[in-house]
Structures are given as structure tokens and as C-alpha cells.
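Only one structure is covered here, and it is reproduced in the block below.
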Amino acid sequence: MEIVEGELTGEGKTFAMVAGRFNDLITSKLIDGAVDCLIRHGVLSKDISLYKVPGAFEIPLVAGKLAEKDDIDGVIALGAVIRGSTPHFDYVASEVTKGIASVSLNTGKPVLFGVLTCDTIEQALERAGTKAGNKGWDAALGALEMVSLMDKI
Ligand code: INI
């Protein structure tokens, strides 16, 4: 049986991050986590770019444009959608989730989902570098693995 897996190494690879400015207290920590992960796995700082958008709703459009570029190997989407007391949450969370999935499938490029969808700001903080780890770091690790796996197919 042939088992094919991606390596967790990013030497010579290029990554673009797309991050929402909405809930910047959280998303800035997700960005820090993603960059830390990429650098610690051999990606050069010059090969990492960051595109900021107003909120999570805008992430798929920019992620799609970036995924179409030949000089970008993987895209990491970072955002924080927090329920609070508005029904806006459900629309934004649903659109960003569907949008990122379709961008990845339509472009054939890994577009990793590092968008938190939480009920409270406390839950989001827990996932942005405190007791539940850093989901930006996790998304970057997934991007490294997927870029490597795509190379092997
Ligand atoms: N954008 C977020 O990234 N997180 C949220 O929690 C959020 N909420 O709850 O409203 C949010 N809204 C803004 C949205 O992403 C768009 O930027 C805005 O609607 C303009 O299109």
C-alpha cells in the first residue's frame, strides 16, 4: 500500500495570509502564530505576505485572487467571527466558510481555514494563543502539509 503524506517543511515555499481586521485583538494573535509556525518550519520571511481585509466576509475574494497566482504556493485565511448578540454572526460565519472551501476547490490550491467562529470573546482568546493553543499556528501547519502533499500528487 502506498501512503502519501505531506512533509512539515516549508523551504523554498511561498505563503500568503489573508486576515480580517474585525476583532483585530484576536486576528493579530492568529497572524503572529501563523508567521511563527511558518518561520520555524523553514519558510523565509520574504516568502510570507499578509493581506488585510475589513472582516471575515471579505476573506474569500482576496484569498481567491492570491490562490490564482503562480508564485504563491499556499494561502492561510485568518479571522475571528464572534457571535456576540447579533444574527450577523451566522451570515458572516457561513459565507466565509463556504467561500474559503470553494476558493480552494476552484483554484486547486491549499487555502487553509484559520477563521475562529466562537460564541464569546473569551473563547476566541483561548484559541488565539492562550489555553487552547493558537489556531493561526495550526492553520499554518496545515498549509505546510498541504502544499507539500500537493507537490507529491
Ligand atoms: N467580521 C468579522 O470578521 N467578525 C465578526 O464577528 C463580524 N461580525 O460579527 O459582524 C464581522 N462582520 C463584518 C463582516 O465580515 C464584513 O466586513 C462587513 O459586513 C462588510 O462587508
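Against the numbered list (1) over 20 Å from K29 (Cβ atoms); (2) among the hydrophobic types (A, V, I, L, M, F, W, C); (3) surrounded by 13 or more Cβ atoms within 10 Å (Cβ to Cβ), L105 comes up short only at (3).
Checking the stated criteria, T9 turns out not to satisfy the condition of being over 16 Å from V111 (Cβ atoms), in contact with a Lys or Arg (Cβ under 9 Å, 6 or more places away or on another chain) and either surrounded by 13 or more Cβ atoms within 10 Å (Cβ to Cβ) or at pLDDT 95 or above (or both). Just one of the numbered conditions (1) out of contact with any Gly (no Cβ under 6 Å at 6 or more places or on another chain); (2) over 17 Å from A16 (Cα atoms); (3) not aromatic (F, W, Y) is not true of N134: (1). Residue-level check: of (1) touching a residue at least 24 places away in the same chain (Cβ under 8 Å); (2) within 21 Å of G64 (Cβ to Cβ), L125 misses just (2).
When segment 51-85 is limited to residues that are among the small types (G, A, S) and closer than 11 Å to V111 by Cβ, the one that is nearest to the chain's Cα centre (by Cα) turns out to be A77. Set side by side, the residues D90, D70 differ, and just one is more than 18 Å from W137 (Cβ to Cβ), among the acidic types (D, E) and at pLDDT below 95, which is D90. Does segment 133-148 contain any residue that is surrounded by fewer than 14 Cβ atoms within 10 Å (Cβ to Cβ) and closer than 28 Å to K65 by Cα? No, that holds for no residue. Checked against the criteria, A140 counts as under 20 Å from D32 (Cα atoms), in a helix (DSSP H, G or I) and within 14 Å of the chain's Cα centre (by Cα). Please go through segment 16-75 and give me each residue that is loosely packed, with under 15 Cβ neighbours inside 10 Å, within 16 Å of the ligand (Cβ to nearest atom) and charged (D, E, K, R), ordered by number. The answer is R21, D24.
The values are calculated or read from the model by the stated rules, or taken from the named source; none is laboratory data. Source: prediction; values computed, not measured. Cβ coordinates were reconstructed from backbone atoms using ideal geometry, including for glycine residues, and neighbour counts include every protein chain displayed.
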